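Before any comments, here is the structure.
What follows is calculated from the coordinates using simple rules that are stated; it is not laboratory data. In this text, all values refer to a predicted model and were calculated from it rather than measured experimentally. FYI the Cβ positions are ideal-geometry reconstructions off the backbone, even for glycines, and counts take in every protein chain you see.
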Amino acid sequence: MSAISPANGAAAPIVAETVVIGAGPCGLFQVFELGLLGISAHVVDSLQHPGGQCAELYPDKPIYDIPALPVCGAQELVDRLLQQIKPFKPQLHLGQEVVEFAPREGGRFHLATSAGVTFDAGAAVIAAGLGSFQPRRIGVEGAERFEGGSILYRVRNAAELAGRHLVIFGGGDSALDWTLELLPKAASLTLVHRRSEFRAAPASVARMREQVAAGRMRFYEALPQALIVENGTLRGVNVRAPDGAVHALAAEWLLVFFGLHPKLGPIAEWGLALEKRALRVDTEKFQTSVPGVFAIGDINTYPGKKKLILSGFHEAALAAFGIQHHLYPQKKQFLQYTTTSPVMHQRLGVPD
Ligand SMILES: Cc1cc2nc3c(=O)[nH]c(=O)nc-3n(C[C@H](O)[C@H](O)[C@H](O)COP(=O)(O)OP(=O)(O)OC[C@H]3O[C@@H](n4cnc5c(N)ncnc54)[C@H](O)[C@@H]3O)c2cc1C
């Protein structure tokens with residue numbers, strides 16, 4: 001990790017007390033614990049929505065080991081955490097990965113996101129879970145040339161797909177939702193999925209099958225095999241069916257929804273002590289090998305670590321005190337109860 005000074009002419013960074021990397025359950029609860037101590041936070045997540053694994057991997061599944069909630073849906077937990085941190089007005093920067101991290105002078109930190117947002121932060125909390133969620137790629141030769149161009153893993157501008165020949169890959173909700181959304185606007189649309197069963201909502205699958213039966217779109221049970229490219233332009237894709245037959249599908253755009261997988265990504269390059277691809281922390285304040293940089297939740301490791309939401313919540317509480325000490329070393333620390341503390345009531349917006 002090498003120190004940086006702000007580049008001449010670069011946009012001024014956001015000056016933040018704390019930046020939290022990751023808006024999973026632990027990152028969100030970190031905002032709460034910091035807020036109780038009067039410390040504000042910016043939160044960055046590569047996903048378009050907060051909630052980390054809970055929202056991305058199992059939103060409809062019940063969780064049974066959140067204290068005092070005998071059962072709580074995973075998305076419901078995220079919604080409750082968002083409600084709980086509302087009084088502290090966290091600034092969420094979603095759909096962008098933290099790609100740069102370096103110490104600045106004066107014990108502060110420089111962070112930059114893939115969207116070009118930069119921070120000058122007093123402290124950083126890495127709550128990056130299993131890593132940053134990345135789309136699973138199409139995996140055919142030469143695809144990288146077209147990724148972000150005519151091969152999309154995320155639709156940012158549906159208008160550019162109107163009147164176009166589209167092939168959509170995938171069998172989950174994203175694939176089916178975009179199929180139904182784009183079908184009335186596309187010149188032609190073909191859905192390709194590796195098997196005939198779908199993970200998507202049954203109602204969406206039924207609607208898609210109706211459109212196929214009515215001849216408005218095509219469906220192939222197949223896997224992508226090779227791109228069809230003419231003079232450097234994507235013209236379509238060959239797909240291979242389970243019986244070995246290869247079908248050539250004409251397309252101007254391929255939309256690939258094979259889901260997301262977490263990748264530790266740039267965090268491994270930031271010079272912080274790692275152990276088995278997790279950040280080593282102390283158990284007093286969950287600080288990493290660099291003072292002022294804390295790590296909580298699934299991303300950290302210490303003797304006895306258990307990757308549970310409950311553990312991450314505890315870590316967030318102690319990290320908040322560590323951060324307070326790092327930011328304001330002169331400040332006397334004392335424990336207050338939310339039940340009785342007037343200053344905490346004020347921060348929470350609770351009338352006394
Ligand atoms: C199917 C399933 C069931 C589970 N059931 C339970 C259960 O019953 N009880 C329980 O306690 N735990 C359960 N877990 C585990 C629990 O979900 C995790 O412990 C928890 O999500 C960890 O929270 P986190 O905030 O540390 O990380 P995550 O939830 O992984 O969130 C981390 C976030 O950081 C973001 N991120 C990472 N790197 C970057 C970067 N460089 N820039 C920007 N953003 C980044 C990611 O996009 C992600 O959104 C379950 C997990 C799964 C998969």
Item checked: Leu308 paired with Val343, simple spin-label distance in nm, labels 7 Å along Cα-to-beta-carbon -> 3.2
Checklist line | Sites Leu335 and Ala158 - FRET efficiency at Förster radius 45 Å, r taken between beta-carbons, to 0.05 | finding: 0.30
Note to self: With only alpha-carbon atoms in the gyration tensor, what are the semi-axes of the equivalent ellipsoid for the range 103-183, in Å, largest first?
What the structure shows: 36, 15, 14
Check: In µm²/s, what is D for the range 215-265 at 25 °C and 0.890 mPa s, where D = kT/(6 pi eta Rh) by Stokes-Einstein and Rh is the Kirkwood radius from Cα pairs?
Finding: 192
Next item on the list: Would you work out the charge dipole size for the range 131-283 about its Cα centre, treating the Cβ of every Lys and Arg as +1 and the Cβ of every Asp and Glu as -1, and quote it to the nearest 20 debye?
Entry: 140
Note to self: Which residues does the label zone of Glu284 cover in the range 329-349, counting backbone N under 19 Å from a point 7 Å along Cα→Cβ?
What the structure shows: 329-335
Checklist line | Top of Tyr153, Tyr337, Tyr302 by mean-square fluctuation, Gaussian network on the chain, Cα under 10 Å | finding: Tyr337
Check: If you build the Cα gyration tensor of the range 1-141 and take the root of 5 times each eigenvalue, what three semi-axes come out, in whole angstrom, biggest first?
Finding: 29, 21, 11
Note to self: Between Ala68 and Ala213, how high is the FRET efficiency from 1/(1 + (r/R0)^6) when r is the Cβ-Cβ distance and R₀ = 45 Å? Nearest 0.05.
What the structure shows: 0.35
Notebook entry, point to check: Can you give the translational diffusion coefficient of the chain in µm²/s, computed by Stokes-Einstein from the Kirkwood radius over Cα pairs at 37 °C and 0.692 mPa s?
Noted result: 146
Checklist line | Radius ratio Rg over Rh of the range 210-311, counting only Cα atoms, Kirkwood formula for Rh | finding: 1.29
Note to self: Could you work out [θ]222 nm for the chain from helices alone, using -39500 (n - 2.57) per DSSP H run of at least four and dividing by all its residues? Round to the nearest 500 deg cm²/dmol.
What the structure shows: -6500 deg cm²/dmol
Item checked: Hydrodynamic radius by Kirkwood, which averages 1/r over all alpha carbon pairs of the range 85-143, in angstrom -> 14.1
Notebook entry, point to check: Given the pairs Lys276/Lys306; Lys86/Lys306; Lys276/Lys305; Lys285/Lys305; Lys89/Lys285, which are separated by over 21 angstrom at their Cα positions?
Noted result: Lys86/Lys306; Lys89/Lys285
Check: Nearest-5 percent of antiparallel DSSP beta bridges in the chain?
Finding: 45
Note to self: Once R0 is set to 30 Å, what does the formula 1/(1 + (r/R0)^6) return for the Cβ-Cβ distance between Lys86 and Ala11, expressed as a FRET efficiency to the nearest 0.05?
What the structure shows: 0.55
Next item on the list: Quick one: pull the percentage of alpha-carbon pairs in the range 155-288 with a separation above 18 Å.
Entry: 62
Checklist line | Between 0 and 90°, nearest 10: helix 74-85 axis offset from the chain longest Cα axis | finding: 40
